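Report on the following structure.
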Amino acid sequence: MSTDSTTEKLPLGAGAVTGLAAYVLGYLISYVWLSGSIEERLAAYNFIAELFGGEPIAVWQGVGWMFYNAHFVSTRIAGFGGTQSQNFIAGSDGGSIALLYAVPIVLLLAAGLLTARLADADEPADGAIAGAAVAIGYFPLALLGRFLFSYQGSAAPDLVTAVLLAGLVYPLVLGSVSGVLGSAIGD
């Protein structure tokens, strides 16, 4: 019977690195996949924004909104009729864009599995703890990204769900599940 505490079993470095990598890679995949179509969609909005003296919405910001939408985090848009919540993936006509939901899931499962392997977790509980450590790297970027992808304070991923879903639930649950699998793979 091991007397190690949970904090002693927590692979802080490995969790931070794999969590950071999962977030950054998820955004980069989203950018490569969506930047062309988002640029086309933003052309009309940017024309109107520039017409009224506003700044155009950057493609990287639009991709960020979609990346958060893949975590089921809505984009809050302030307008004349009040603030609206929009999930651009759910509002699309389906097709391959719906596959974007799989990007954070697959990457966080891989990150949790890798973290458990790097921590040499050989028991399911140790694997779950190790896998959950991906939140150490994922959470700060999910929080920072929420503010980074804000457009002039009038459009941004919803703060509460960005923190809770994208920052905590996704990495903790998916990392733990795949960490248990990583412990089962073992030696």
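The values are calculated or read from the model by the stated rules, or taken from the named source; none is laboratory data. Owing to the predicted nature of the structure, the values given are computational and were not obtained by experimental measurement. FYI the Cβ positions are ideal-geometry reconstructions off the backbone, even for glycines, and counts take in every protein chain you see. These accessible areas exclude ligands, DNA and RNA; they are computed on the full protein's heavy atoms, side chains included. Shrake-Rupley method; radii C 1.70, N 1.55, O 1.52, S 1.80 Å.
Observations on the structure shown:
- Of all residues in segment 26-62, those that are modelled with pLDDT of 65 or more and in a loop (DSSP other than H, G, I, E, B) total 5.
- Residue check, L108 modelled with pLDDT of 95 or more, within 14 Å of the chain's Cα centre (by Cα) and open to solvent by less than 60 Å² (accessible area, probe 1.4 Å): yes
- Identity of the residue in segment 151-187, in a loop (DSSP other than H, G, I, E, B) and open to solvent by 30 Å² or more (accessible area, probe 1.4 Å), that ends up modelled with the lowest pLDDT: D187
- Residue list for segment 111-124, restricted to those being open to solvent by 20 Å² or more (accessible area, probe 1.4 Å) and in contact (Cβ under 8 Å) with a residue 12 or more places away in the chain: L113, L114, R117, L118, A119, D122, E123, P124
- Within segment 133-148, the set of residues being under 24 Å from L118 (Cβ atoms) and part of a helix (DSSP H, G or I) comprises A135, I136, G137, Y138, F139, P140, L141, A142.
- Once segment 63-88 is narrowed to residues that are assigned to a strand (DSSP E or B) and hydroxyl-bearing (S, T, Y), the residue that is least open to solvent (accessible area, probe 1.4 Å) is T75.
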